[in-house]
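The values are calculated or read from the model by the stated rules, or taken from the named source; none is laboratory data. This one's a predicted model, so the numbers in the text were calculated from it and none came from an experiment. Please note: Cβ atoms are built from the backbone with ideal geometry, for glycine as well, and neighbour counts cover all protein chains shown.
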Amino acid sequence: MAENIIVEKISFQIRQLIDIRITEYLECDEILLEGLNKSVLYSMTGGKRVRSIFMFLVGELFDVPQEKLFSSACAIEMIHASSLIMDDLPYMDNAELRRGKPANHIVFGQDVALCASIALISCAIEILQIDETLDSKEKMNVTEIISKSYGMNGLAGGQFVDLKLKVKNVELEVLEFINARKTAALFSAAGKVAAILGNADEESVAKIAEYANNLGFTFQIIDDILDIKGDEKVVGKDLKMDKMNFAKLVGLKEAYKYAEDYMQKADEAISFFGGKNINLKTFGSYLLSRMK
Ligand code: GRG
């Protein structure tokens, strides 16, 4: 289908451009920091960049010049990578494989991995502040949205509840609470930033946030399904066989249904934009097809 080819082409281009920008942002010629920089770059390599691609597709919907999106997209990728480094540490998820290669702490040690994770969060905020394509109000808005996405009501809060989860008697609402923060929060931030930089009105921003939230739920359920299906080569990370997740709770068959239902809710939210939503819809279907 023509839309598929267009979205694939956009995704390929965005991935390449984001990788170039990330390398530029993380350039460091201080010899004493060489080891830390290697650790940071190691975790910024690879990854599907789905949050960035989503952000650029929303940007396209609101005619945002691409140049204005790079700092926010890279910031979100840095925060995402930072969270993956932390997540893999022995006192968190204790995983040894990430993106098809040894986790950061396996290669560089836990001490360096933690420094790299913190450095990435700091860099994420810094690149927003030095972006000359954003005016001061845009910087303030974007920084507020992005910093909220990884705090108490975002990644950190979701991770906390996940870590403290008792495996028995888990309720669906609790898993939704976790998924909204651990996974959907970064998608929501990506969508809201692009909509706000496109001067979208309040209702449009809300529709994008609703789409992003449901897309995030879908994305996490697919991740859970792939965990259960059990092929480390496909997922490129340790399979969390002993951990409760959405797909384990409701069963594989129901999980497929939930993923499709969330995606349908997402599509309903953006029907508000009429035919202009086609690339976003195609992107959603593409993510959904990963679970098949
Ligand atoms: C960063 C302040 C801060 C807190 C971190 C450790 C932690 C708190 C949160 C963990 C969040 C986490 C690991 C969520 C999982 C989300 C998820 C589905 C990750 C996989 O995303 P993909 O498939 O990964 O986009 P790639 O490798 O393609 O980038």
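Data table
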| quantity | calculated |
| --- | --- |
| Residue match in region 16-29 (condition: modelled with pLDDT of 95 or more, within 28 Å of Lys237 (Cβ to Cβ) and buried (at least 21 other Cβ atoms within 10 Å of the Cβ)) | yes |
| Residues being over 18 Å from the mean Cα position of the chain (by Cα) and at pLDDT below 90 - total across region 275-288 | 3 |
| Filter result for the condition that a residue is free of Cβ contacts under 8 Å to residues at least 12 places away in the same chain and either under 13 Å from the mean Cα position of the chain (by Cα) or more than 12 Å from the ligand (Cβ to nearest atom) (or both), over Asp223, Asp231 | Asp231 |
| Residue check for Ala75: within 20 Å of Asn141 (Cβ to Cβ), touching a residue at least 60 places away in the same chain (Cβ under 8 Å), out of contact with any Phe, Trp or Tyr (no Cβ under 7 Å at 6 or more places or on another chain) and among the small types (Gly, Ala, Ser) | yes |
| Residue match in region 61-75 (condition: within 15 Å of the ligand (Cβ to nearest atom) and either at pLDDT below 95 or over 23 Å from Arg99 (Cβ atoms) (or both)) | no |
| Cβ pairs under 6 Å, 6+ apart, first in region 180-208 and in a helix (DSSP H, G or I), second among the polar types (S, T, N, Q) and surrounded by 21 or more Cβ atoms within 10 Å (Cβ to Cβ) | Thr183/Gln220; Ala184/Asn213; Ala185/Ser149; Leu186/Ser149; Ser188/Asn213; Ala189/Ser149; Val193/Ser72 |
| Odd one out for Glu67 among (1) surrounded by fewer than 24 Cβ atoms within 10 Å (Cβ to Cβ); (2) farther than 20 Å from Ile127 by Cα; (3) touching a residue at least 40 places away in the same chain (Cβ under 8 Å) | (2) |
| Restricting region 135-169 to residues that are in contact (Cβ under 8 Å) with a residue 40 or more places away in the chain and either out of contact with any helix residue (DSSP H, G or I) (no Cβ under 9 Å at 6 or more places or on another chain) or hydrophobic (A, V, I, L, M, F, W, C) (or both), the residue that is nearest to Cys123 (Cα to Cα) | Ile146 |
| Scan of region 99-112 for residues that are closer than 30 Å to Gly191 by Cβ and surrounded by 23 or more Cβ atoms within 10 Å (Cβ to Cβ), ordered by number | Ala103, Asn104 |
